[in-house]
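*Asks:* Let me give you the structure first, and then I'll get to my questions.
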Amino acid sequence: MDLRMKGISKSFGANLVLDGVDFAVDGGDITALLGENGAGKSTLMNILGGVIPRNSGVITLDGKDCEFHTPRESLDAGIAFIHQELNLINDLAIYENLFIGREKKRKGGILDKESMVAETRRVFERMDIDLDPEAMVRDLDASYKQIVEISRAMLMNAKLVIMDEPTTSLTEPEIERVFALMRTLKKQGVGIIFISHKLKEVLEICDKYTVLRDGHMVSSGLVKDVTASDLARMMVGHEVQSGTRKEESLSGEVVMEGRNLSDGKHFSDISFKLHKGEVLGFTGLLGDGRSELFQTLFGASGAYEGQLLIEGQEVRMKSTMQAVSLGIGYVPRNRKENGIVKDLSILENGSLVTLKLRKKHGMIDWQSVHEDFSHEKQALSIKMEHEDDLITSLSGGNQQKVVLAKWLSLNPKVLILDNPTQGVDVGAKEEIYGIIESLAEKGVSVIVLSSEAQEIMRVASRCFVLYHGRIMGELKGSEMEEETMMRLATGVEE
Ligand SMILES: Nc1ncnc2c1ncn2[C@@H]1O[C@H](COP(=O)(O)OP(=O)(O)OP(=O)(O)O)[C@@H](O)[C@H]1O
Ligand SMILES: [Mg+2]
């Protein structure tokens, strides 16, 4: 298999997003497609996947010219596209999702459920995946949905697999599983395009790289010849300084305190204190309960036992409105399902939580909404055209920044960030860390939930490691080491 894309150009209205891009992939290679948020990676892949038309350029697959008008045509040519925003139907079972549009039928047109389930089971066995083909997709968390999408590509015997940020919502062991799978595909001669903002992963799994910057191809070569900072520099166009965490002392008053919190299912016996101006981390592996814990404390989930104190006063958190009015903000993970409202504009998405607070004489004061958003837009360097465009016209990473802007505009006392840099490029990651630090300096207490040990070590001064809903240990300052955190996260006592 060999794929060549030559001189690909694409504009959306007056916005030239790809300008004469060349890109090539060979069978048996894993090629990284890199670039900042909004560089044009997903757009290039959407063209290859038949999702959108190009304005000019040539695509050849095994030497033959290709013209894909629909995703179906691209798929029929052997190209499987695993999108950045997952593409599964929640109300169907796993096996049904795997066979959408290609259902197996018996004579007479009746669906052959048995053979579809059996084939799904075979793929899962081959990939060492422990999932029931008949389970509903709705009941899977983001990481398993990802795995189902990859299985779908496997099932179709794809020649070329496009993976647009496949690992953003996955935890270490799952990433390893996906990598193992990619190596298997590679051995079978499949070509893989791997888009990721995690350069460590790129160095680990990829053979070749191509870097896009502002719609131009700026460099390509062999991964073995470069370092992570080389790649970061090519993406951003200048050196990327990675900051280091400042040591803090816990002198501030306690702003939030949990005492023996349990929900009877996802977390139990959780006690912690959050001080004013502190950045506190919570980490662990899949199923550690950290998201459920903070969704509950934000009033977005069910009931809990134990006590929650805000500035020394016990509160029973019953709704998100109550949490917001107490000055608590929460940036959820998994932008597509929890973060954005697809039918609203960028500005509306960026100001949703504060709209209610901004009424003057019963009318929304759009002037101040607009001013605040412009401020956040600049602070977070959100790459966009017009505020009134739909949020879905932004690149994935920029959507994430809009979600963050929404909560920053609330000026919260406590800000809970669940995987805040998911899908965000290296440069912007540092910007977000910088914002977290300056919020803390201004006295905001920040809780960062993250599956990335590196991220916790970078921003938090202290962290709790969870395992199956229980606190396994608390690490301070230099005690936070990747190995120690991993040991606690896998249930090994300190
Ligand atoms: N449907 C669309 N309508 C208008 N503009 C769009 C559309 N899709 C993408 N764009 C614009 O094209 C540019 C490139 O977006 P693209 O999604 O390809 O970026 P990306 O490299 O995948 O970024 P990320 O790392 O954030 O996912 C962005 O400026 C984006 O706003
Ligand atoms: Mg993208």
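*Asks:* Among the residues of segment 205-212, are any within 20 Å of the chain's Cα centre (by Cα) and within 30 Å of Val117 (Cα to Cα)?
*Replies:* Looking for residues that are within 20 Å of the chain's Cα centre (by Cα) and within 30 Å of Val117 (Cα to Cα), one finds none in segment 205-212, hence no.
*Asks:* Given the structure, is Ile47 within 16 Å of ligand 2 (Cβ to nearest atom), modelled with pLDDT of 95 or more and on the phi < 0 side of the Ramachandran plot?
*Replies:* Considered against the rule, which asks whether it is within 16 Å of ligand 2 (Cβ to nearest atom), modelled with pLDDT of 95 or more and on the phi < 0 side of the Ramachandran plot, Ile47 comes out as yes.
*Asks:* Follow-up. Which residue is nearest to ligand 1 (Cβ to nearest atom), if the candidates are limited to segment 379-398 and must be farther than 10 Å from Gly38 by Cα and polar (S, T, N, Q)?
*Replies:* Among those residues, the one meeting the criterion is Ser393.
*Asks:* Taking Ala232 as meeting all but one of (1) at pLDDT below 95; (2) on the phi > 0 side of the Ramachandran plot, write down the number of the exception.
*Replies:* With (1) at pLDDT below 95; (2) on the phi > 0 side of the Ramachandran plot applied to Ala232, the lone miss is (2).
*Asks:* So, one more: Report yes if some residue within segment 104-116 is under 26 Å from the mean Cα position of the chain (by Cα) and surrounded by fewer than 22 Cβ atoms within 10 Å (Cβ to Cβ); otherwise report no.
*Replies:* No, segment 104-116 contains no residue that is under 26 Å from the mean Cα position of the chain (by Cα) and surrounded by fewer than 22 Cβ atoms within 10 Å (Cβ to Cβ).
*Asks:* Here's something else I'd like to know. Looking at segment 276-290 only, could you name the residues that are touching a strand residue (DSSP E or B) at 6+ places or on another chain (Cβ under 6 Å) and surrounded by fewer than 21 Cβ atoms within 10 Å (Cβ to Cβ)?
*Replies:* Lys276
*Asks:* While we're looking at this one, here's another question. Which residue pairs have Cβ atoms under 6 Å apart, sit 6 or more places apart or on different chains, and have a first residue in segment 474-488 that is in the same structural domain as Thr283 (by TED's automatic domain parsing) and a second that is of a type outside the set (S, T, N, Q) and in a helix (DSSP H, G or I)?
*Replies:* That search, which allows pairs on different chains as well, returns Met480/Met457; Glu482/Ala453; Met485/Ala453.
*Asks:* Next question, about the same structure. When segment 9-34 is examined, which residues are found to be assigned to a strand (DSSP E or B) and within 12 Å of ligand 1 (Cβ to nearest atom)?
*Replies:* Result: Lys10, Ser11, Phe12, Asn15, Leu16, Val17, Leu18, Asp19, Val21, Leu33, Leu34.
*Asks:* Of all strands (runs of 3 or more DSSP E) completely enclosed by segment 291-350, which ones contain at least 1 residues that are surrounded by fewer than 14 Cβ atoms within 10 Å (Cβ to Cβ)?
*Replies:* 305-310, 313-315
*Asks:* Considering (1) in contact with a helix residue (DSSP H, G or I) (Cβ under 6 Å, 6 or more places away or on another chain); (2) part of a helix (DSSP H, G or I); (3) touching a residue at least 60 places away in the same chain (Cβ under 8 Å); (4) buried (at least 23 other Cβ atoms within 10 Å of the Cβ), say which one Phe373 fails and leave the rest.
*Replies:* For Phe373, the exception is condition (3).
*Asks:* Going residue by residue through segment 204-222, is there one that turns out to be in contact with a Phe, Trp or Tyr (Cβ under 8 Å, 6 or more places away or on another chain) and of a type in the set (D, E, K, R)?
*Replies:* Within segment 204-222, one or more residues are in contact with a Phe, Trp or Tyr (Cβ under 8 Å, 6 or more places away or on another chain) and of a type in the set (D, E, K, R).
*Asks:* Just a yes or no: is a residue in segment 357-365 under 28 Å from His83 (Cβ atoms), in contact with a Lys or Arg (Cβ under 8 Å, 6 or more places away or on another chain) and either surrounded by 17 or more Cβ atoms within 10 Å (Cβ to Cβ) or not charged (D, E, K, R) (or both)?
*Replies:* No, that holds for no residue.
*Asks:* Being surrounded by 19 or more Cβ atoms within 10 Å (Cβ to Cβ) and either assigned to a loop (DSSP other than H, G, I, E, B) or touching a residue at least 60 places away in the same chain (Cβ under 8 Å) (or both) is the filter here, so list the residues in segment 143-158 that pass it.
*Replies:* Ser143, Gln146, Val148, Glu149, Ile150, Arg152, Ala153, Ala158
*Asks:* Looking at segment 35-108, what helices (runs of 4 or more DSSP H) fall wholly within it and have at least 1 residues that are touching a residue at least 12 places away in the same chain (Cβ under 8 Å) and within 16 Å of ligand 1 (Cβ to nearest atom)?
*Replies:* 41-48, 71-76
A quick yes/no check of all residues on (1) touching an Asp or Glu at 6+ places or on another chain (Cβ under 9 Å); (2) farther than 25 Å from Gln322 by Cα; (3) outside the structural domain of Asp164 (by TED's automatic domain parsing); (4) within 16 Å of ligand 2 (Cβ to nearest atom):
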| residue | (1), (2), (3), (4) |
| --- | --- |
| Asn398 | no, yes, yes, yes |
| Ser409 | yes, no, yes, no |
| Tyr433 | yes, yes, yes, no |
| Gly443 | no, no, yes, no |
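*Asks:* Also: Looking at segment 422-442, is at least one residue surrounded by fewer than 22 Cβ atoms within 10 Å (Cβ to Cβ), among the polar types (S, T, N, Q) and away from ligand 1 (no atom under 12 Å from the Cβ)?
*Replies:* Yes, segment 422-442 contains a residue that is surrounded by fewer than 22 Cβ atoms within 10 Å (Cβ to Cβ), among the polar types (S, T, N, Q) and away from ligand 1 (no atom under 12 Å from the Cβ).
The values are calculated or read from the model by the stated rules, or taken from the named source; none is laboratory data. A quick note: this is a predicted structure, and the numbers were derived from the prediction, not measured. Neighbour counts run over all protein chains shown; Cβ positions are idealised from the backbone, glycine included.
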